[in-house]
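Working notes, beginning with the structure itself.
Since every read-out is calculated from the coordinates, none of them should be taken as a lab result. In this text the structure is predicted, and so the values were computed from the model without any measurement. Glycine also receives a Cβ, built like all others from the backbone with ideal geometry; neighbour counts cover every protein chain displayed.
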Amino acid sequence: MKNTIYLSLICTTLLSAAEPTAIEIDTISVESTTLEDVSGEEIKSADAAVALSHKVPNISLVRRSGIANDIIVRGQKKDNINVLIDNAKIYGACPNRMDPAISHVLTNNIESIEIIEGPYDVENFGSLSALVKVKTKKPTKELHGSVNLGAGSFGYQKAAADISGGAGPVRFILSASGEKSGQYLDGDGNNFSEQVDNYIITNPTLGGTAYQDQYRDMDAYTKMTLMGKMFIDITDHQELRLGYTANRSDDILYPSSKMDALYDDSNIYTAEYIVRNIGSISKKLDFQYYLSDVEHPMSTEYRVSSTKPLPMGGIKISKLTTQTQGVKVINTTEISSDFELKIGVDGSVRNWDGKYSVNGDPATTVNPAWSDTSMNDVDTSNIGIFSELKQSINTIEINYGIRYDNTNVSPSSDQQENDYSSLNGNIFVSYETTPTLTIFGGVGKATRVPDARELYFYGIMGNETGSPTLDQTTNYEADLGMQNNYDSLTLRTKLFYSMLKDYIYYNASNVNGMGAAVNAFENIDATIYGIEVTGSYYFLDTLYSDFGLAYQRGKKDTLTTGQTDTDLAEIPPLKGNVALNYLYYQESKATVEFIGADTWRNYDADNGEQELASWGIMNLKIDHKFPYGFGLAAGVDNVFDKTYALSNTYKDLTLLSGGGDVMLMNEPGRYYYLNASYQF
């Protein structure tokens, strides 16, 4: 609790600072939060999830490894939030969220990340509670390039380079990177294998999950990426944009799970054709196509269990693949200077397939009662139509949105097929009452359908963990906020209230006689509400502060079968961040940052969550710009080497559990890093 008090005192001090100076501050969008220049700011790690959790107070990190972590936005994750990378959808192949969508793009390629909270996106299928839009770097006309070399604690090494330019109507960008890291140490000096060992001491039945001696000190991951784009100006009013992103990760350790990833490979292909100014009928006509795929085999190879005799021993592999492709056509018409209308149609097909093997053979050769298949080649096919209208009336802006979806989820097996349809919409109003005050708010409805894991997944023992009769989830939400823009202070306050009908929820009590999960997902009704305060304050032209606080609360309105806990899982406690920034020579910057959270007291104990202690850390960074494009950045995260965990243990993820509390994974301890860069 002390950390929360300190954060509150710092924010109060900033807000009550006396005489403001005459400094113009860029307006923060009332509809969304945007991180700019991500590739330039987030140089210590390729993990976009870590960057988001540090910078945006209502986003929390789900720590699984040294890389490829997940995010929670306003108490929502997985398919409840929609992640787009250059307007392309990519879904992780792993049912245990080892490769979430946000992990398939790296910070060194990201230009900006926009987060639209709430059900206010109708252009994309399944934006139930938030949309996270990642934009990667664009080609430039002039010749530009950069080289970055990074190193950090725990054996972290990174090299990245890009080059961009154009000739005539053609522009291109090519970017490549490689990085690796050893296992980080927590504040107590324990690496991944030692954290597992410490858990096994109090849960000896899980001895098989320990790392074998020859793997105890192996690297946490190795990762390589390649990104290429080409923009072609066909005419003054026509443009073709082509893009490709490849991610290749090897030997990614997930210590709090029973398996690690042998590799995680993904590809994203995008194509976009834009036609502008087609008379009065079209200001912009946009054709988009994307194709993404992921291949992800998980294995017990590095664990002691793989050396034990069959049937319970041996090297077990769960290999999954997923592919998604989609098309979208949007026409934008400027009806008048006060009205802009978008009308569009989009469609997508997501395939998900998974197999089990033991020592290289199908699982049934070891035990006929087991399953060879985890996912029966499931297709999720969607077609949607949508419309958006933007209206301006003096200082009032009104956005209207409506969308209709028809979705079919079909497995290549005798499991039942599911069809879903929905009509969603929203209205969002922004009113600039005075030059210093804008009031905004909206109401909306959005849905998302169950994914293949929630419907049809099988465990290796043949237990059907999916629930084929699930309904789609619907979010009815109201948002209200205000933004204050003064000479030195920008302050944005947002409140939301979300009513979730048929919310898809994991019930850890649904098990068979052998303790294996059976039909573990249920539909319940739930409520989430919260508040977020963000802003910035300029003390001087060269000295300013960014700050933020976020609080959410979640309750089950209907209980899961056989359970009594009314607390909703994965609703983080009060979280805050304060950064003091000093600008000096040629845009160089020094930063002192404080991040912390209150005790996690409201948690779903019935489904594996536990109380987490409050925590607070301080980070230091200096980013110095030298002449001729050279730069040097250095920093220390978690300066005081605190031991803490910020990710809870909801059992919708398969984590180490020996009868007591599920294994927590501690965050990194004190972390030093250095990055040298050159730009031309």
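Brief remarks on what is shown
- Each 10 Å bin from zero up to the one holding the largest Cα-Cα distance in the range 432-564 carries the following percent of pairs: 11, 27, 23, 17, 13, 7, 1.
- Taking amide H as placed 1.01 Å from N in the peptide plane, G92 has its amide H under 5 Å from the amide H of A101, each at least 5 places away in sequence or on another chain.
- Note on the range 314-375 and the range 462-541: Cα centroid distance 23 Å, given to the nearest whole angstrom.
- The range 379-441 and the range 622-669 have their alpha-carbon centroids 35 Å apart.
- For peptides 504-511, 261-268, 148-155, sequence by mean Cβ density within 10 Å, most packed first: 261-268, 504-511, 148-155
- Applying the Karplus relation 6.51 cos²θ - 1.76 cosθ + 1.60 with θ = phi - 60° to the range 472-485 yields 3J(HN,Hα) values of 6, 8, 10, 10, 9, 9, 10, 10, 8, x, 8, 10, 10, 10 Hz, where x marks Gly and Pro.
- Mean Cα-pair separation over length for the range 108-239, i.e. relative contact order, pairs under 8 Å, 6 or more apart, %: 21
- Taking the fewest neighbouring Cβ atoms within 10 Å as the starting point, the ordered list for M663, M514 is M514, M663.
- Ranked by how many other beta carbons lie within 10 Å on average, peptides 355-361, 211-217 from highest: 355-361, 211-217
- Derived scalar couplings between HN and Hα for the range 340-351 equal 10, 10, 10, 10, x, 9, 9, x, 8, 9, 10, 10 Hz in order, rounded to whole Hz, by the Karplus curve 6.51 cos²θ - 1.76 cosθ + 1.60 (θ = phi - 60°), x for Gly and Pro.
- Hits among lysines - C-alpha to C-alpha of K355 under 29 Å, sequence gap 8 or more where chains match: K77, K78, K89, K180, K223, K258, K308, K316, K319, K651
- Rounded FRET efficiency, nearest 0.05, which uses the C-beta distance separating A151 from L389 and R0 of 51 Å: 0.50
- Globularity index of the chain, i.e. its alpha-carbon radius of gyration over 2.2 N^0.38 Å: 0.95
- Filter on K55/K158; K283/K494; K284/K625; K44/K625 - keep pairs with C-alpha separation over 28 Å: K283/K494; K284/K625
- Per-peptide average of other Cβ atoms within 10 Å, ordering 560-566, 122-128 highest first: 122-128, 560-566
- Using the Karplus relation 6.51 cos²θ - 1.76 cosθ + 1.60 with θ = phi - 60°, the per-residue 3J(HN,Hα) values for the range 421-437 come to 9, 7, 10, 10, x, 7, 9, 10, 10, 10, 10, 7, 6, 9, x, 10, 9 Hz, with x marking Gly and Pro.
- Normalising the average separation of contacting C-alpha pairs (under 8 angstrom, six or more residues apart) by the number of residues puts the relative contact order of the chain at 13 percent.
- Note on V345/D213: beta-carbon distance plugged into 1/(1 + (r/R0)^6) with R0 of 51 Å gives a FRET efficiency of 0.35.
- Of I317, I90, the sequence from fewest to most neighbouring Cβ atoms within 10 angstrom is I317, I90.
- For R74, nonlocal amide neighbours, meaning residues 5 or more places apart or on other chains whose placed amide H falls under 5 Å from its own, are S60.
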